[in-house]
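This report concerns only the one structure given below.
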Amino acid sequence: MSLSGNEAEQHSAPDQSRADEVIADEPRNLLVLALFNVTLRFSWIFKTESVLIPRFMDVIDGSGFVRGFLPVFNRFGQSVVPLFLADRLRRAPLKRRVLQGTSTLMGACFLSLAGLWYWLGEPFHGGSPSWMPIAFLTIYVIFFVVSGMNQLTLGTIQGKLIRVNRRGRLLAVSGVTGSLISITLAWFLLQRWLEPPLQLPGSGYVLIFGFAGAGFVLAGLLTLPLREPADNECPSTARGAKQAVTDAWEIIRHDSVFRRAAVVAMLFITVQLLFPHFQAFGRRSIPKEDEGFQLMLWVIAQNGAVGVFSWVSGIIADRHGNRLAIRVQVFLCTLTPLMALFLVSGFIDEGQKYFWLAFVFLGLVPVTMKTFVNYTLELTDAANHPRYVSTMGLCFAVPFVLSPLVGKLIDIIGFQPIFLAISAAIGLGALLTFRMAEPRHSQT
């Protein structure tokens, strides 16, 4: 039954009032979310997935096979678990409380890891105990489960509080500012904390992980000034795990625009299968006494690139749409494994000294993932943002079932064939961006 004129006007009045409230608070919320993203960035640099975490894994267990589990646990936590929690987030009246809580828990994980490493201390001068890899990976899984919910909540809040043509600005400002602060901290702190001997418990990793944990807690506190209107009309019925998977499948099955983007996302994200192996590949050709400086340089190169790429991608996305930004990003990501192979191939003298250039291209990966989230937000209304974003996250997770196999194959046949295969997969994804739709073309 249709609404009468008066009923329709009464029904739309609260929605209009809410929209006006969101727009009025948008400058404040942009600033708060930018500060949150910046704090998250300079905390994350002290647990960089392509350098510091796999190097720590090599300290406690040096095999490529075990190292290959890092991307699996990373993506499982960030993609699969949020799929089952997306509906709870949708029904939460205030999403910022979830953002604050998950940020604090992320900090607690790394503070506990720093405490454990400090507690081991002097008794293990010859190396870490045999149970340390299991303990570390357990904390690592918990962290990424919480981090996955944190990123889902952040994407949902951006969709709720920031208009579509302002999200690129948020990405650009927070990316550049976060990179400048991260690089400064890395130069003055990481270089000192990464001095040999890295292999001893109680060394620089206590400070590195402790700093990261404290930064995540601070990020949670920075969400307090967010102004968010409460969602009061969400249904109280909860979805089970089976229904969550069914809903995700329905989105993939019936939304062809989403499906095309998801295929590109799955091919692009295969670059992360190489994340724990880049540093192992690069370290083979550098002197032991230069390792600390080189690790620090790689971290700086990657995070500096994130800032530059965030700025450029944000401008492209706001002016021309997220589809074009994704196309450029994925094409450039194709070069990442090729650059690493070229620099150690011997074609240029002392190419290993320039291995940091490979990490410049790695800086595209987190920027591209955020652009995919912003693209996904444009495909549906705000009420369905958690389900769409979590479904895209699930698609990101699909290739990671191959990660231990990739690690094992690197142990058996070496780095070169695997790096070439991943580059080919990303290149295919880049070509398929020409089949993606631009959502803004259908908006009035």
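The values are calculated or read from the model by the stated rules, or taken from the named source; none is laboratory data. All values reported here derive from a predicted model rather than from experimental measurement. FYI the Cβ positions are ideal-geometry reconstructions off the backbone, even for glycines, and counts take in every protein chain you see.
Quick look at the values:
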quantity	calculated
Residue match in the range 432-442 (condition: modelled with pLDDT under 85, surrounded by fewer than 15 Cβ atoms within 10 Å (Cβ to Cβ) and in contact with a Gly (Cβ under 6 Å, 6 or more places away or on another chain))	yes
Criterion violated by Asp255 - all others in (1) in contact (Cβ under 8 Å) with a residue 24 or more places away in the chain; (2) loosely packed, with under 14 Cβ neighbours inside 10 Å; (3) farther than 30 Å from Leu409 by Cβ satisfied	(2)
Check on Leu200, modelled with pLDDT of 80 or more and over 18 Å from the mean Cα position of the chain (by Cα)	no
Test: residue in the range 232-248 that is at pLDDT 90 or above, in a loop (DSSP other than H, G, I, E, B) and surrounded by 14 or more Cβ atoms within 10 Å (Cβ to Cβ)	no
Unique match (being basic (Lys, Arg) and surrounded by fewer than 22 Cβ atoms within 10 Å (Cβ to Cβ)) among Lys408, Lys370	Lys408
All helices (runs of 4 or more DSSP H) inside the range 270-344 with 1 or more residues being surrounded by fewer than 20 Cβ atoms within 10 Å (Cβ to Cβ), at pLDDT 85 or above and among the aromatic types (Phe, Trp, Tyr)	322-333, 335-343
Residue match in the range 79-99 (condition: surrounded by fewer than 20 Cβ atoms within 10 Å (Cβ to Cβ), free of Cβ contacts under 8 Å to residues at least 60 places away in the same chain and of a type in the set (A, V, I, L, M))	no
Every pair of residues 6+ apart whose Cβ atoms lie under 7 Å, when the first sits in the range 404-429 and is under 17 Å from Gly282 (Cβ atoms) while the second is among the polar types (S, T, N, Q) and in a helix (DSSP H, G or I)	Ile422/Thr270
When residues of the range 203-231 are limited to those that are aliphatic (A, V, I, L, M) and modelled with pLDDT of 90 or more, the one farthest from the chain's Cα centre (by Cα)	Leu224
Single residue of Ala358, Ala383, Ala421 found to be crowded, with 17+ Cβ neighbours inside 10 Å and either in a helix (DSSP H, G or I) or of a type in the set (Gly, Ala, Ser) (or both)	Ala358
Unmet requirement for Met339, which otherwise passes all of (1) hydrophobic (A, V, I, L, M, F, W, C); (2) within 23 Å of Leu190 (Cβ to Cβ); (3) within 19 Å of the chain's Cα centre (by Cα)	(3)
Selection count, the range 49-68, where residues are in contact (Cβ under 8 Å) with a residue 12 or more places away in the chain and over 25 Å from Val306 (Cβ atoms)	7
Test: residue in the range 392-406 that is closer than 19 Å to Arg323 by Cα, modelled with pLDDT under 85 and assigned to a helix (DSSP H, G or I)	yes
Meets criteria (over 15 Å from the mean Cα position of the chain (by Cα), crowded, with 21+ Cβ neighbours inside 10 Å and either farther than 21 Å from Val401 by Cα or modelled with pLDDT under 75 (or both)) for Leu105	no
Residue in the range 428-436 that is assigned to a helix (DSSP H, G or I) and out of contact with any helix residue (DSSP H, G or I) (no Cβ under 6 Å at 6 or more places or on another chain) present	yes
